[in-house]
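The values are calculated or read from the model by the stated rules, or taken from the named source; none is laboratory data. In this text, all values refer to a predicted model and were calculated from it rather than measured experimentally. Positions of Cβ are backbone-derived with ideal geometry, glycine not excepted, and every protein chain shown enters the neighbour counts. Only protein heavy atoms, including side chains, enter the accessible area calculation; ligands, DNA and RNA are left aside. Shrake-Rupley method; radii C 1.70, N 1.55, O 1.52, S 1.80 Å.
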Amino acid sequence: LNASLGYDEFVFMTFVEPLGYTGEDILTHRIVKLFKAMQLTNRISTVIHIGNPHAVEVLPHISRHIFGGLSAESVDACFEVLAGEYPAKGVPTYEFTLQ
């Protein structure tokens, strides 16, 4: 959090390890609190999330999200979209709600 203070905006990246057998692919309470603290200054420009998109439903509103699957190709594509090298398009395979 302290290291972010010298920047005007930044990208917040999250990853959720799939735990389908438990039914819980969630962000930890600590990560959610860190996100909320950093968002108080409105400097988070983008959230990149790798894994189950339902996990980011608990985060405050950010206008730009990039979602990737659990493969190296998908992660690389997220960074290509962020860099503007690849168009941001896609359709989720199931419904989820963002704040």
Inset, instruction - Report the FRET efficiency, 1/(1 + (r/R0)^6), for Asn42 and Ser71, where r is their Cβ-Cβ distance and R0 is 30 Å, rounded to 0.05. - result: 0.40
Legend entry - Protection proxy ranking of 87-98, 53-64, 1-12, 70-81 - average other beta-carbon atoms within 10 Å, highest first: 53-64, 70-81, 1-12, 87-98
Inset, instruction - Starting from the eigenvalues of the Cα gyration tensor, five times each then square-rooted, give me the equivalent ellipsoid semi-axes of segment 47-99, largest first, whole Å. - result: 19, 13, 10
Inset, instruction - Keeping all protein chains in place, calculate the accessible area per residue for the chain (probe 1.4 angstrom), answer in Å². - result: 68
Inset, instruction - State the percentage of accessible surface on the chain attributable to carbon and sulfur atoms; use a 1.4 Å probe and exclude ligands, DNA and RNA. - result: 56
Inset, instruction - Could you tell me which of Leu40, His61, Gly84 has its Cα farthest along the dipole of the chain towards the positive end, charges placed at Cβ (Lys, Arg +1; Asp, Glu -1), taken about the Cα centre? - result: Leu40
Legend entry - For Thr46, distant residues with modelled amide H under 5 Å away: Phe10, Phe12
Inset, instruction - Let me know the charge dipole size of segment 14-99 about its Cα centre in debye, to the nearest 20, where only the beta-carbon of Lys, Arg (+1) and Asp, Glu (-1) is charged. - result: 500
